[in-house]
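**Q** First the structure, then my questions, so here it is.
The values are calculated or read from the model by the stated rules, or taken from the named source; none is laboratory data. In this text, all values refer to a predicted model and were calculated from it rather than measured experimentally. Here the Cβ positions follow ideal geometry from the backbone for every residue, glycine too, while neighbour counts run over all protein chains shown. Please note that ligands, DNA and RNA were not included when accessible areas were found on the heavy atoms of the full protein model with its side chains. Shrake-Rupley method; radii C 1.70, N 1.55, O 1.52, S 1.80 Å.
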Amino acid sequence: MRTDNQDVDWKSRWSGNEVEVSGQTESTHSIAVAPDANVRYQQSPWAVCMDDASMNVPVLGPGVSCPDTAFEALALICPEGQHVVDPVFVSERDASSPTGWGPWTLSTPGRCVASADLAAEVSRELARLPLAASPVSVPPNGWVMVNMDTVVFTSPDAQVFDLVVLGTPVRVSARPASFSWDFADGTDPLVTSDPGRAYPHQTVAHTYTRGGSYVVGLTTTWVADFQVNGSGGWIPVPGTATTTSPGAPLQVYEARAHLVDGPCPSTGPCTLT
């Protein structure tokens, strides 16, 4: 059998009078109504009801029922490394129909999509994902002293999204790959693959040499993998995405030594000489 000018392999299965469609991946079963509300679409595996008596044109579509004759449920079998994209069916408003809708007809044939094609499309989607910016953690009291470690850290957690790409349901897992810390004191950003840890187990820190008010910024670079729903295997996504975190204010103080006239009182300021 040929569909859409491509050679495809089909698997047939008989199951009484009920449609039973199988495939190598999970299918998306959803109905969407067009903006004009007179057309609706559904992506689904497809079935064929054969008329044993006349062998007329078969009935195609999701949810096909064959009350008086046997049928074939057909599943597209793709070559290794490719994934099934179920066909899309269309139904139009029909006032004479008991349901108000006409029969489902084939709009876009099913096809096989290579992993490389999916990866390229997911790469484009990666730049549009609503990634949450990495949280910026600075000393909890909001101040530090000059010439001492200013400990910073963020979250290493991945973010997971479910998408439909080229008609195929996929899961995308984006994880932070590098962190660029801007300490706003004129020094070059500190770039690391380490998200850092809280004191006293810190692994990322910066030393301010001048007092003042600063806003610590963070830019995170994300990489991703994806899997076709139900396939179990993860495939790298080309490219990266970035997020910029809201800055965290930080006050840096300088300590100065002064001579005093005798011991300082237990309360109140010392008397400077």
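**Q** Only one residue in T209, T243, T220 is of a type in the set (V, I, T), in contact (Cβ under 8 Å) with a residue 24 or more places away in the chain, open to solvent by 90 Å² or more (accessible area, probe 1.4 Å) and within 30 Å of G142 (Cα to Cα). Which one?
**A** T209
**Q** How about the range 178-266: which strands (runs of 3 or more DSSP E) wholly inside it have at least 2 residues that are under 25 Å from the mean Cα position of the chain (by Cα)?
**A** Result: 190-192, 212-228, 241-253.
**Q** Please enumerate the residues belonging to the range 139-176 that are assigned to a strand (DSSP E or B), open to solvent by 90 Å² or more (accessible area, probe 1.4 Å) and closer than 18 Å to G196 by Cα.
**A** Passing the criteria: D149, R175.
**Q** Follow-up question, since we're still on this one. Taking the condition of being in contact with a helix residue (DSSP H, G or I) (Cβ under 9 Å, 6 or more places away or on another chain) and small (G, A, S), how many residues in the range 234-251 meet it?
**A** Looking only at that region, the number is 2.
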